[in-house]
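Visitor: Next up is a structure, given as structure tokens.
The values are calculated or read from the model by the stated rules, or taken from the named source; none is laboratory data. It should be emphasised that the depicted structure is a prediction, and the values quoted were computed from it without experimental measurement. Methodologically, a virtual Cβ is constructed for each residue, glycine included, from the backbone with ideal geometry; neighbour enumeration extends over all protein chains shown. Ligands, DNA and RNA are excluded from the accessible area calculation, which covers all protein heavy atoms including side chains. Shrake-Rupley method; radii C 1.70, N 1.55, O 1.52, S 1.80 Å.
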Amino acid sequence: MTTAPQPPAVPEVLFVCVHNAGRSQMAAALLAHHGAGRVAVRSAGSAPADSVNPAVVEVMAELGIDVSQAVPTKLLTEDVAASDVVVTMGCGDACPIFPGKRYEDWELPDPAGQGPDAVRPIRDDIDRRVRALLADLLSG
């Protein structure tokens, strides 16, 4: 009896920041957009806010990406365990470490309390990093 070949595993990426209301939401939305189903994406925060930063919603909408319905979620150990890549953004100490996982820490300004003009360069920096991460994940 032969078995059908298994489809290649889809890499799972978790973006983590403190409030899960800005940087990690933008990164997750951008990776989901550019990855187009080739990557599983989640985001979480060590101390999640009540809602996504309005300036983040505005600057993402400029790219045609709607994060207005996104809900900040609490970082769980299970989320880290299920991920192949964990990208932290200013909360590295709060993230559990598991052997064999790929960890990256992206130093980015916090968009909290900032207007759209200050958030756009953060978004663009995240977009460049996300595209590089995606290219790396899909080349391996």
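Visitor: Within region 110-125, identify whether any single residue is in contact with a helix residue (DSSP H, G or I) (Cβ under 7 Å, 6 or more places away or on another chain), surrounded by 13 or more Cβ atoms within 10 Å (Cβ to Cβ) and within 23 Å of V10 (Cβ to Cβ), and answer yes or no.
Guide: no
Visitor: So, in region 17-43, exactly how many residues are in contact with a Phe, Trp or Tyr (Cβ under 8 Å, 6 or more places away or on another chain) and either assigned to a strand (DSSP E or B) or small (G, A, S) (or both)?
Guide: 6
Visitor: Does P111 fit the bill of being touching a Ser or Thr at 6+ places or on another chain (Cβ under 6 Å) and either without any contact (Cβ under 8 Å) to a residue 40 or more places away in the chain or not in a strand (DSSP E or B) (or both)? It would help to see each step written out before you state the result.
Guide: On the way: touching a Ser or Thr at 6+ places or on another chain (Cβ under 6 Å): no; either without any contact (Cβ under 8 Å) to a residue 40 or more places away in the chain or not in a strand (DSSP E or B) (or both): yes.
It is false that P111 is touching a Ser or Thr at 6+ places or on another chain (Cβ under 6 Å) and either without any contact (Cβ under 8 Å) to a residue 40 or more places away in the chain or not in a strand (DSSP E or B) (or both).
Visitor: Are any residues in region 83-109 surrounded by fewer than 13 Cβ atoms within 10 Å (Cβ to Cβ) and closer than 20 Å to P48 by Cα, and if so, which ones?
Guide: D93, I97, E107
Visitor: Pick out the one residue from A21, A9 that is among the aliphatic types (A, V, I, L, M) and either open to solvent by less than 80 Å² (accessible area, probe 1.4 Å) or at pLDDT 95 or above (or both). Give the derivation first.
Guide: On the way: A9 fails: either open to solvent by less than 80 Å² (accessible area, probe 1.4 Å) or at pLDDT 95 or above (or both).
Only one candidate qualifies: A21.
Visitor: Could you please let me know if A47 is in a loop (DSSP other than H, G, I, E, B), among the small types (G, A, S) and touching a helix residue (DSSP H, G or I) at 6+ places or on another chain (Cβ under 9 Å)? Steps first, please.
Guide: Values: in a loop (DSSP other than H, G, I, E, B): yes; among the small types (G, A, S): yes; touching a helix residue (DSSP H, G or I) at 6+ places or on another chain (Cβ under 9 Å): yes.
Criteria met by A47.
Visitor: Which one of these does G140 not meet: (1) closer than 18 Å to A9 by Cβ; (2) modelled with pLDDT of 95 or more?
Guide: Of (1) closer than 18 Å to A9 by Cβ; (2) modelled with pLDDT of 95 or more, only one is false for G140: (2).
Visitor: Moving on to the next point. Under 7 Å by Cβ, and 6 or more places apart or on different chains, what pairs join a residue from region 77-101 that is more than 23 Å from I126 (Cβ to Cβ) and at pLDDT 80 or above with one that is open to solvent by 50 Å² or more (accessible area, probe 1.4 Å) and not acidic (D, E)?
Guide: That search, which allows pairs on different chains as well, returns A81/F98.
Visitor: While we're looking at this one, here's another question. Would you pick out the residues in region 33-47 that are over 15 Å from Q69 (Cα atoms), open to solvent by 20 Å² or more (accessible area, probe 1.4 Å) and free of Cβ contacts under 8 Å to residues at least 60 places away in the same chain?
Guide: Matches in region 33-47: H33, A36, G37, A40, V41, S46, A47.
Visitor: Next question, about the same structure. Considering (1) in contact with a Pro (Cβ under 9 Å, 6 or more places away or on another chain); (2) over 27 Å from A9 (Cα atoms); (3) not in a helix (DSSP H, G or I), say which one G64 fails and leave the rest.
Guide: All conditions are met except number (1).
Visitor: Here are the criteria: (1) under 17 Å from A29 (Cβ atoms); (2) open to solvent by 30 Å² or more (accessible area, probe 1.4 Å). Tell me which single one A135 does not satisfy.
Guide: Unmet condition: (1).
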